[in-house]
1. Suppose accessible area is computed on protein heavy atoms with a 1.4 Å probe; arrange Tyr8, Tyr46 from highest to lowest.
2. On full extension of the chain, what length is gained from Val99 through Asn3, given 0.36 nm per residue of separation minus the C-alpha to C-alpha distance?
3. Hey, what did the chain get for relative contact order, percent, Cα under 8 Å, at least 6 apart?
4. Can you tell me the FRET efficiency between Asp92 and Ile52 if r is taken as the Cβ-Cβ distance and R0 is 35 Å, rounded to the nearest 0.05?
5. Using each residue's phi in the range 44-61, evaluate 6.51 cos²θ - 1.76 cosθ + 1.60 at θ = phi - 60° and report the 3J(HN,Hα) Karplus result to the nearest Hz, with x for Gly and Pro.
6. Give a residue-ordered list of calculated ³J(HN,Hα) values for the range 79-85 (Karplus: 6.51 cos²θ - 1.76 cosθ + 1.60, θ = phi - 60°; whole Hz; x for Gly, Pro).
7. With just the Cα atoms of the chain, tell me how far they stretch along each of the three principal axes, in Å, largest first.
8. If DNA, RNA and ligands are ignored and the probe is 1.4 Å, what is the ranking of Val45, Val72 by accessible area, most exposed first?
Amino acid sequence: MFNFKDSYDINDLITIVSILRSENGCPWDKVQTHASIKADFIEEVYEVIEAIDMDSAEMLREELGDVLLQVVFHSQIKTEENTFNFGDVCNDIGQKRIVRH
């Protein structure tokens, strides 16, 4: 079970997605695969572009959250497969940014 809070961080989001995909979690979330949600990922990226084009900070904030959810969701699937986790994704992009700059 998850507790309601005034503010959530990335660790909370990872926990929420994990709970939703758990045995007693959300029926929809539990059955999703990379393939079944890939169109959702694309749609969310298009919505980020729309927010940028509209110069809407409020919309951009919301849509970036939706893209982040997609990254966490895909990472959670791989965590369940013991392939990699969200921390690995963060590490890899951090290393890439440092090496390139």
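The values are calculated or read from the model by the stated rules, or taken from the named source; none is laboratory data. Predicted, not measured: the structure shown is a model, and the values here were computed from it. Using ideal geometry, Cβ is built from the backbone for each residue, glycine included, and neighbour counts are taken over all protein chains shown. These area figures cover heavy atoms from the full protein model, side chains too; ligands, DNA and RNA do not enter into them. Shrake-Rupley method; radii C 1.70, N 1.55, O 1.52, S 1.80 Å.
1. I get Tyr46, Tyr8, largest accessible area first.
2. The Val99-Asn3 span can extend by a further 30.6 nm.
3. 21 percent
4. Here the calculated transfer efficiency is 0.90.
5. Per residue, the Karplus-derived 3J(HN,Hα) values read 5, 5, 4, 5, 5, 4, 4, 4, 5, 4, 7, 6, 10, 4, 5, 5, 4, 4 Hz.
6. For the range 79-85, the Karplus curve yields 4, 4, 8, 6, 9, 7, 9 Hz.
7. 41, 33, 32
8. Val45, Val72
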